[in-house]
1. Pick from segment 1-21 the residues that are open to solvent by 50 Å² or more (accessible area, probe 1.4 Å) and among the hydrophobic types (A, V, I, L, M, F, W, C): which of them is farthest from residue 31 (Cα to Cα)?
2. With the requirement that a residue be open to solvent by 50 Å² or more (accessible area, probe 1.4 Å) and either part of a loop (DSSP other than H, G, I, E, B) or hydroxyl-bearing (Ser, Thr, Tyr) (or both), what does segment 119-144 give you?
3. Anything in segment 157-191 that is under 27 Å from residue 63 (Cβ atoms) and either assigned to a loop (DSSP other than H, G, I, E, B) or among the aromatic types (Phe, Trp, Tyr) (or both)? List them, or say none.
4. Which residue is farthest from residue 2 (Cα to Cα), if the candidates are limited to segment 200-210 and must be in contact (Cβ under 8 Å) with a residue 60 or more places away in the chain and assigned to a loop (DSSP other than H, G, I, E, B)?
5. Under 6 Å between Cβ atoms, which residue pairs at least 6 apart in sequence (or on different chains) link something in segment 82-94 that is more than 19 Å from residue 142 (Cβ to Cβ) and in contact (Cβ under 8 Å) with a residue 60 or more places away in the chain with a partner that is of a type outside the set (A, V, I, L, M) and open to solvent by less than 20 Å² (accessible area, probe 1.4 Å)?
6. Keeping to segment 195-217, report how many residues are over 20 Å from residue 51 (Cα atoms), touching a helix residue (DSSP H, G or I) at 6+ places or on another chain (Cβ under 9 Å) and of a type outside the set (A, V, I, L, M, F, W, C).
7. Among the residues of segment 187-205, count how many are among the charged types (D, E, K, R) and either open to solvent by less than 10 Å² (accessible area, probe 1.4 Å) or under 17 Å from residue 176 (Cβ atoms) (or both).
8. Looking at segment 76-102 only, could you name the residues that are closer than 19 Å to residue 57 by Cβ and aromatic (Phe, Trp, Tyr)?
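The values are calculated or read from the model by the stated rules, or taken from the named source; none is laboratory data. Here the structure is a predicted model, which is why all the values come from computation and not from measurement. Glycine also receives a Cβ, built like all others from the backbone with ideal geometry; neighbour counts cover every protein chain displayed. The area values use the complete protein model at the heavy-atom level, side chains included, leaving out ligands, DNA and RNA. Shrake-Rupley method; radii C 1.70, N 1.55, O 1.52, S 1.80 Å.
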Amino acid sequence: MLELRHIDKTYNPGTVTEMCLFRDFNLSVPEGQFVSVVGSNGSGKTSMLNIICGSIPVDAGEVAINDKIINSQKEFQRYRRMGRVYQDPSLGTCPSMTILENMSLAENKGKPFGLGRAVNRKRAEVYRTQLAALGLGLENKLDTRMGSLSGGQRQAVALLMATMTPLDFLILDEHTAALDPRTADLIMQLTDRVVREKKLTAIMVTHNLRYAVEYGDRLLMMDRGHVVMDKAGEEKSTLVVDDVLSVFNAISIECGN
């Protein structure tokens, strides 16, 4: 279980741009849950992900996984048991390296590196099988540089790479936002399949209300560092986009937007 306990976070303290985002913020995500998170810009969605991953520190409070407090762990240490797919398809892969090289590095995440070859070509057939399951024809492009692929292809490979090693959590940071609608739908279908097949605990931040409603076991809406909607189980399954949109619009009107 992931827990955020009594989190405080203020940006630019002591300056004219000081902003208190979280004050005594609490959240629990049980093992195996797929959580969709929505909210307007500045609601705290991405900051919450960054706090979980250790990208930004907290002023007070605890981040705990299975009751083990991980505040002292650096970002790279947390990523040994976390996978993250970013909004920008170029951030999850190395463009100058081939698909084979990228997947080899991903498979060795968290393992000690000695003075040996980083690429194990004996694993090529395993990678081909994994790529074939994506249905994008990438299984015959192992020696193709990542930078020459389309954004959707790169995001699909990034999703695969992020889940090649055992994970406690999969973090999806608006991972379809930079894609065209058709490709975004494909990536969401792949995401849902990967999460279900690997039985992952996943947190997905998205601006797409349809995806938030259609995918996942739980939906959170955030506003100014607070959770203003939390629907799970049967409540989540009966939600429609208009239900979420009405709350979203009410908040926007209240804020003067």
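1. To start, the set of residues in segment 1-21 that are open to solvent by 50 Å² or more (accessible area, probe 1.4 Å) comprises 1, 5-6, 11-20.
Adding the requirement that they be among the hydrophobic types (A, V, I, L, M, F, W, C) leaves 1, 16, 19-20.
On the way: 1: 5, 16: 41, 19: 32, 20: 30 Å.
Checking each candidate, the answer is 16.
2. Scanning segment 119-144 gives 120, 129, 133, 135, 141, 143.
3. Within segment 157-191, 163, 164, 165, 166, 167, 168, 169, 174, 175, 176, 177 meet the criteria.
4. Our first condition is that a residue be in contact (Cβ under 8 Å) with a residue 60 or more places away in the chain; within segment 200-210, this holds for 200-207, 209.
Add one more test, that the residue is assigned to a loop (DSSP other than H, G, I, E, B), and what stays is 200-201, 206-207.
Details: 200: 12, 201: 9, 206: 20, 207: 23 Å.
Selected residue: 207.
5. 82/169; 83/163; 85/175; 86/173; 87/173
6. Result for segment 195-217: 7.
7. Filtering segment 187-205 down to residues among the charged types (D, E, K, R) leaves 192-193, 196-199.
Pick out the ones that are also either open to solvent by less than 10 Å² (accessible area, probe 1.4 Å) or under 17 Å from residue 176 (Cβ atoms) (or both) and you get 192-193.
Adding up the residues that qualify gives 2.
8. 76, 79 - these are the residues of segment 76-102 that are closer than 19 Å to residue 57 by Cβ and aromatic (Phe, Trp, Tyr).
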